[in-house]
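First the structure, in the form of structure tokens, and then the observations on it.
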């Protein structure tokens with residue numbers, strides 16, 4: 001087993017899962033090694049970000065509040081944060097069209113694993129089946145992207 005390649009794909013999958021299998025063939029890895037490394041990296045990141053999302057979002061909210069207070073104390077009018085961005089509209093559209101399964105399968109794939117896991121936790125964090133659906137989606141997507149990289153391209 002190529003451990004350098006494994007850890008490279010593993011760490012790359014933690015950041016950008018959708019293209020993490022691309023370097024696998026160039027690193028001399030087999031199909032299963034690439035799919036396993038990609039899935040393991042994404043699952044590790046999803047585990048941390050999903051269960052720590054409440055703390056992360058609370059930290060970001062407090063940080064934004066401190067920044068706003070600092071700007072107000074300096075006499076600067078803080079910018080109002082836009083609520084209806086194109087990304088928010090896209091996420092809501094996916095949620096309404098595909099539901100819990102669609103968000104769990106595709107949010108970590110198309111956004112990024114940390115951001116997608118936090119979005120899923122925000123919408124469906126109270127349901128017990130959410131995290132297993134994320135893992136299933138990561139496994140399916142790792143297999144499909146590995147198939148595309150090794151057998152199609």
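Overview of results
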{"quantity": "Protection proxy ranking of 4-11, 57-64 - average other beta-carbon atoms within 10 Å, highest first", "calculated": "4-11, 57-64"}
{"quantity": "GNM top mover of 117, 18, 38 - the chain, alpha-carbon springs below 10 Å", "calculated": "18"}
{"quantity": "Relative contact order for the chain, counting Cα pairs under 8 Å that sit 6 or more residues apart, in percent", "calculated": "31 percent"}
{"quantity": "Two-site label geometry, residue 72 and residue 90: point separation in nm, points 7 Å out along Cα→Cβ", "calculated": "3.3 nm"}
{"quantity": "Extension gain (nm, one decimal) between residue 129 and residue 80, 0.36 nm per residue minus Cα-Cα", "calculated": "14.0 nm"}
{"quantity": "Globularity ratio of the stretch 73-153, using Cα Rg and 2.2 N^0.38 Å", "calculated": "1.43"}
{"quantity": "Projected label distance in nm at residue 31 and residue 101, using a 7 Å step from Cα toward the beta-carbon", "calculated": "2.5 nm"}
{"quantity": "Difference of contour (0.36 nm per residue) and Cα-Cα distance, residue 59 to residue 19", "calculated": "11.5 nm"}
{"quantity": "Per-peptide average of other Cβ atoms within 10 Å, ordering 69-81, 103-115 highest first", "calculated": "103-115, 69-81"}
{"quantity": "Cα-based convex hull volume of the chain per residue, rounded to whole Å³", "calculated": "138 Å³"}
{"quantity": "For the stretch 1-64: rounded, prolate or oblate by the Cα gyration tensor [a/c cutoff 1.5]", "calculated": "prolate"}
{"quantity": "Among 55, 136, 47: highest mean-square fluctuation, GNM of the chain, C-alpha pairs under 10 Å", "calculated": "55"}
{"quantity": "10 Å-binned pair-distance histogram of the stretch 43-97 (Cα, whole percent)", "calculated": "19, 27, 38, 14, 2"}
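Every number in this text was worked out from the coordinates using simple rules, so none of it is lab data. Remember, it's a predicted structure, so these values are computed and weren't measured experimentally. Note that each Cβ is placed from the backbone with ideal geometry, even for glycine, and that neighbours are counted across all protein chains shown.
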